[in-house]
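The values are calculated or read from the model by the stated rules, or taken from the named source; none is laboratory data. The model shown is predicted, which means the values in this text are computed figures rather than measured ones. In this analysis, Cβ positions are derived from the backbone assuming ideal geometry, glycine residues included, and neighbour counts consider all displayed protein chains. Keep in mind that these areas ignore ligands, DNA and RNA; they rest on the heavy atoms of the full protein, side chains included. Shrake-Rupley method; radii C 1.70, N 1.55, O 1.52, S 1.80 Å.
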Amino acid sequence: MKIIVLKQNLMEAINVVQKAVMTKATLPILEGIYIEAGEKVKLIGNCFDLGIEYTLDADVQRQGSVVIEARMFGEIIRKLPDAPVYIEVLEGFKVRIECLNSYFEIRGMDGDTYPMPPVYDSEFTLSLPQAVLKELIRQTIFAVGNDENRKIMTGVLMEAVQGELKMAALDGFRMAVCSSVIKEDVNFKVVIPGKNMQEILRVLETSEDAVTISMAGSLVSFDLKNCRIVSKVLEGEFMNYSSYIPTQFETVINVNTRELEESMERASLITSEDKRYPVRINLSYDKMVISSTTEKGLSKEEIQIENSGNTMQIGFNPRYFLDALKVINDEKIKISFTSPVGPCIITPIEHDRFLFLILPVRLKS
């Protein structure tokens, strides 16, 4: 194998596929990146739960394949000058890397022994703009749980039904549900590991270029212009999240999103993630008073609201509120409170594409 490739393009490919490489594996080849030179150059990382395949343009002078230890290869390419990189596989899978005045020889491995991500006949597919899928993941990923004893909650539910693609995540303290209209009339329900969704989010672009989602058995793949990501799905039944969404509310307010976010940010400076000291919210008919009192001090400020319900005092972990507010693009939102000890939901005013549920913290008198 002998190729010439731009350093910037190669570095981008390495950064993407490296996310699917095992850092500590029983077999050294699993800690490597597979490189194949054909008509184009293909890089692959595969840890069995997640496989990423990235294709890039290059001057292929001799076809072939090799596996190179991912961490060292990434560091070498990262440190090279911004110039074309020459990579050649010599006898015994020794890999020569040259770039301007830099020269390396490192040990490679036989590419024929590398475990490839599965290729399968899809049961069904759907396509949508990358920007749409990116936004759906961005608005749910923060609510994924991390309790390995409840494995199903460490994933994101992706569900297509009646011309709509929905995603949902919950961790026992908050929940995020988002949706978008799709063209295909397909029906499916899968739970994708949150850590895999995080990598998919990083690869997706904010563009109208299509991403094709296809499924078969316990696998789901995301195909982009120059990248294919294959993820295993989690086994088990996801929570019936819709049953947790309240329909009766004591207090409903409209509030400016950024004003509330900035006020919560300032209040959280005093609480410093200490669960013993929640942020306290006092709702009157035209304003919301946000305050926090801890051993370190206190903060208090008020913002204008529109209240169509009762006055109320309620407490929250500010991080749960901030995580939701940061992914909202709408200028104004509606927050509906069931009671001082019941869940509240955050929804948009002008559409119904997202819903966030947050459980309150019981306040001490």
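Only one of these is assigned to a strand (DSSP E or B) and among the small types (Gly, Ala, Ser): Gly309, Gly315. Name it.
Gly315
If you go through the range 266-292, how many residues are at pLDDT 95 or above, hydrophobic (A, V, I, L, M, F, W, C) and open to solvent by 20 Å² or more (accessible area, probe 1.4 Å)?
1
Which one is surrounded by the fewest Cβ atoms within 10 Å (Cβ to Cβ), of the residues in the range 192-204 that are out of contact with any strand residue (DSSP E or B) (no Cβ under 9 Å at 6 or more places or on another chain) and not basic (Lys, Arg)?
Within the range 192-204, the match that is surrounded by the fewest Cβ atoms within 10 Å (Cβ to Cβ) is Gln198.
Is there a residue being out of contact with any Lys or Arg (no Cβ under 9 Å at 6 or more places or on another chain), farther than 20 Å from Gly342 by Cβ and open to solvent by 20 Å² or more (accessible area, probe 1.4 Å) anywhere in the range 241-260?
yes
Among the numbered criteria (1) over 18 Å from the mean Cα position of the chain (by Cα); (2) closer than 30 Å to Ile97 by Cα, which single criterion is violated by Phe188?
(2)
Looking at Ser263, Ser214, which is the one that is outside any helix (DSSP H, G or I) and buried (at least 18 other Cβ atoms within 10 Å of the Cβ)?
Of Ser263, Ser214, the one residue that is outside any helix (DSSP H, G or I) and buried (at least 18 other Cβ atoms within 10 Å of the Cβ) is Ser214.
Which of the residues belonging to the range 309-319 are under 28 Å from Ile137 (Cα atoms) and surrounded by 20 or more Cβ atoms within 10 Å (Cβ to Cβ)?
Matches in the range 309-319: Phe316, Asn317, Pro318.
This table checks each residue for (1) over 25 Å from the mean Cα position of the chain (by Cα); (2) over 28 Å from Val230 (Cα atoms); (3) in a loop (DSSP other than H, G, I, E, B).
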| position | (1), (2), (3) |
| --- | --- |
| Gly92 | yes, yes, no |
| Glu105 | yes, yes, no |
| Asp112 | yes, no, no |
| Leu128 | no, no, no |
| Glu135 | no, no, no |
| Gly145 | no, no, yes |
| Lys151 | no, no, no |
| Leu165 | no, no, no |
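Quick check on my filter: what residues within the range 125-182 are of a type in the set (Val, Ile, Thr), closer than 19 Å to Ile328 by Cα and either modelled with pLDDT under 95 or open to solvent by 50 Å² or more (accessible area, probe 1.4 Å) (or both)?
Scanning the range 125-182 gives a single hit, Val181.
Within the set of pairs 6+ apart or on separate chains, which have a first residue in the range 308-330 that is β-branched (Val, Ile, Thr), a second that is surrounded by fewer than 20 Cβ atoms within 10 Å (Cβ to Cβ), and C-beta atoms under 6 Å apart?
Within 6 Å, the pairs are Thr311/Ser284; Ile314/Pro340; Val327/Arg138; Ile328/Thr257.
Pull up the range 74-83, narrow it to residues that are touching a strand residue (DSSP E or B) at 6+ places or on another chain (Cβ under 6 Å) and buried (at least 17 other Cβ atoms within 10 Å of the Cβ), then point me to the one that is nearest to Gly32 (Cα to Cα).
Ile76
Report whether or not Glu235 is part of a loop (DSSP other than H, G, I, E, B), of a type outside the set (A, V, I, L, M) and under 24 Å from the mean Cα position of the chain (by Cα).
yes
Any idea which of Glu295, Glu306, Glu350 is open to solvent by 20 Å² or more (accessible area, probe 1.4 Å) and at pLDDT 95 or above?
Glu306 is the lone residue from the list that is open to solvent by 20 Å² or more (accessible area, probe 1.4 Å) and at pLDDT 95 or above.
Could you tell me which numbered condition Ile192 fails, if it satisfies all but one of (1) in a helix (DSSP H, G or I); (2) hydrophobic (A, V, I, L, M, F, W, C); (3) touching a Ser or Thr at 6+ places or on another chain (Cβ under 7 Å)?
For Ile192, the exception is condition (1).
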